[in-house]
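Chemist: Structure provided below as structure tokens; questions to follow.
The numbers here are math on the coordinates, done by the rules we state, and not lab data. Here the structure is a predicted model, which is why all the values come from computation and not from measurement. Because the Cβ atoms are built from the backbone with ideal geometry, glycine has one as well, and the counts that use them run over all protein chains shown.
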There are 2 protein chains.
Amino acid sequence: MTITILIVEDEPILQETISLNLKRAGLIALCADNAEQANRIIINVLPDLVIIGGVLPNMDRVEFARRLKIEERTQSIPIIILTARDQESEIIANLVVEVEDVIIKPFSPHELIARIKAVLRRRLPEMAEEIIQLGGLKLDPATHRVHAYIKDKQLEPAEITLGPTEFRLLHFLMANKERVHTRAQLQDRLWGDHVFIEERTIDVYIRRLRTTLKVVGKENLVQTVRGIGYRFSVE
Amino acid sequence: MTITILIVEDEPILQETISLNLKRAGLIALCADNAEQANRIIINVLPDLVIIGGVLPNMDRVEFARRLKIEERTQSIPIIILTARDQESEIIANLVVEVEDVIIKPFSPHELIARIKAVLRRRLPEMAEEIIQLGGLKLDPATHRVHAYIKDKQLEPAEITLGPTEFRLLHFLMANKERVHTRAQLQDRLWGDHVFIEERTIDVYIRRLRTTLKVVGKENLVQTVRGIGYRFSVE
DNA sequence: ATAAAATTTTACAAATTCGTGACAATAACA
DNA sequence: TGTTATTGTCACGAATTTGTAAAATTTTAT
């Protein structure tokens, strides 16, 4: 799942910097110096997000964003506008156009990445909403429910009650079954970069998840890979 | 694996606080009050990360970061700058210098640690994830699993359990099959430069790997090249 | 054939890593 | 407001891994 981001920015240094930070975050960056170039790119590659930086005179930028929002093909692409603090008129204009986010300069790379991710996350609710069925478990992100199918008996699937964190953990593990995740990766995905938790804390949540699963007889689904991390596996 | 962090900060209280929090997180903290002192430390000990805090007049801090990023020896050291929200010019300047992260004061110790760890984590290159199939063995880095296909029988491939080091060793050998690796090379690739181990230790791990493989009938895959080192070969 | 060199085994203590139960702090809720 | 989940941490013991030293074996050179 590669995510492509179009940066419209004429200042080369800023363009370069943003692009670099995006790459570092595992996102693909396309760069355009002006509106025409941007349009040409959009014709070929529909980006997942557009960042409109310091291009063109102010109102033109808003106009550019507006056009994207009007045209059917590009309508659903989220837009982030970078704007200077003093250009209040523009900020207000953007509110009218209903851009997804406005980041006021100056900003840190970290902030930029964080907000890009936030916007992308918001956009992908359906993607995360798929029901996952694995190893006799059914997890439904939409209803936030987990059911366990017990083979021997013909009983209705038993509902499992999980705390919020345990649910997210199970969800992530199931969505990436078989793959081993280090504690650092789990921490990144479930808690994010800004929150500091002890690595042992993850063990504790793994245990909580396990004990809950054990109650319905699902014993070996969450496995330890010693020295590395954890894995959801159907064997 | 000890990680050393250099803190450049003239405010004693802040210095102390940061240093304390780093220690609690298992990181080694070196402190410098000013640029000269920092340079002197860097000459002796190459830190894994530099935190530039409230030292010197503003632009000098950026200059300090820039110098580190220019000099070859220190180029790859990630830098985190602590900056006050109102010093916009500096934040922008840092973007240009391509500092790894800018943390805006005030910040919580938790946030600091989290972001330090995030930066350090990002620095690690991602391991190759390709599945390697060789000589009746299948090694999958993503799931961290090794399977052995036994020819005679039509059985399902048997799973092999390896310790972390044995796994890395096998992975490396398989990824560079047929090529002979000296013990020094293996040591570099699997343990890194800063860890001292006896050369004999590698022999021991080779043996451990061999015995595990022998259990599933894979006997001659890891071969000795006398006087040189070891090799993974399919004959 | 014998000594020297290199490698394979074996055995072991120290260090890590993981699972667990208990605990205070915080958040959510009625 | 009080009551009930949830969160994150800690400390302990058990199990595993790690690195080493030394003995045993094999290979090479003299």
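Chemist: Sum -39500 (n - 2.57) across every DSSP H segment of at least 4 residues in the protein assembly as shown, then divide by the residue count to get the 222 nm mean residue ellipticity, nearest 500.
Modeler: So the calculated ellipticity at 222 nm is -13000 deg cm²/dmol.
Chemist: To continue, here is another question. Report the one residue of B:Thr165, B:Leu137, B:Trp191 whose Cα lies farthest in the direction of the positive end of the charge dipole of segment B:132-232 (charges on C-beta: Lys and Arg +1, Asp and Glu -1; origin at the Cα centre).
Modeler: Result: B:Leu137, furthest along the dipole toward the positive end.
Chemist: Round to the nearest 10 and give me the degree value, 0 to 90, for the angle of helix B:35-44's Cα axis relative to the longest principal axis of chain B.
Modeler: Compared with the principal axis, the helix lies near 20 degrees.
Chemist: Could you please rank A:Val50, A:Val225, A:Val195, placing first whichever residue has the fewest other Cβ atoms within 10 Å of its Cβ?
Modeler: Fewest-to-most ranking of A:Val50, A:Val225, A:Val195: A:Val195, A:Val225, A:Val50.
Chemist: Quick one: if you stick a label point 7 Å off each Cα along the C-beta vector at B:Ile28 and A:His144, how many nm between them?
Modeler: Distance between label points: 4.7 nm.
Chemist: Please give me the summed charge of the neighbours of A:Glu9: other residues whose Cβ is under 10 Å from its Cβ, Lys and Arg +1, Asp and Glu -1.
Modeler: Combined, the nearby Lys, Arg, Asp and Glu give -4.
Chemist: Using Cβ counts within 10 Å as a stand-in for footprinting exposure, how do A:Phe167, B:Phe167 rank, fewest first?
Modeler: A:Phe167, B:Phe167
Chemist: Right, next: Please average, across the residues of A:181-188, the number of beta carbons from any other chain that are within 10 Å of each residue's own beta carbon, and give a whole number.
Modeler: 2
Chemist: Using only alpha carbon pairs under 8 Å that are at least six residues apart, calculate the relative contact order of segment B:132-232 and give it in whole percent.
Modeler: Values: 113 pairs, mean separation 27.8, N = 101.
Computed over segment B:132-232, the figure is 28 percent.
Chemist: Further, regarding this structure: Using the Cβ atoms and a cut-off under 10 Å, what net charge is assigned to the surroundings of B:Ile131, where Lys and Arg are +1 and Asp and Glu are -1?
Modeler: In short, -1.
Chemist: So if R0 is 30 Å, what FRET efficiency would B:Glu199 and B:Ile3 give, r being the distance between their Cβ atoms, rounded to the nearest 0.05?
Modeler: For R0 = 30 Å, the calculated efficiency reads 0.70.
Chemist: Turning to a different aspect of this structure: Report the label-to-label distance for B:Glu178 and B:Leu46 in nanometres (one decimal), using points 7 Å from each Cα along the Cα→Cβ vector.
Modeler: 3.4 nm
Chemist: With a sphere of radius 12 Å drawn around the Cβ of A:Lys177, what net charge do the other residues whose Cβ falls strictly inside it have (Lys, Arg +1; Asp, Glu -1)?
Modeler: 0
Chemist: Taking every alpha carbon pair in the protein assembly as shown, what does the distance histogram look like in 20 angstrom bins from 0, in percent?
Modeler: P(r) for the protein assembly as shown, in whole percents per bin: 19, 44, 33, 3.
Chemist: Continuing with this model, one more query. With contacts defined as alpha carbon pairs under 8 Å and 6 or more residues apart, what's the relative contact order of chain B in percent?
Modeler: 12 percent
Chemist: Let me ask something else. In degrees, nearest 10, range 0 to 90: what is the angle between the Cα axis of helix B:109-123 and the longest Cα principal axis of chain B?
Modeler: The angle comes out near 50 degrees.
Chemist: While we're on this one: Counting trypsin sites (Lys or Arg not before Pro) as exposed when in a DSSP loop with at most 14 other beta carbons within 10 Å, what is the longest stretch of chain B free of them?
Modeler: Looking at chain B, B:1-72 is the longest stretch - no exposed trypsin sites (Lys or Arg not before Pro) with at most 14 other Cβ atoms within 10 Å.
Chemist: Just rank A:Val222, A:Val204, fewest to most, by other beta-carbon atoms within 10 angstrom. Show your work: numbers first, answer last.
Modeler: On the way: A:Val222 20, A:Val204 12.
With the fewest neighbours first, A:Val222, A:Val204 line up as A:Val204, A:Val222.
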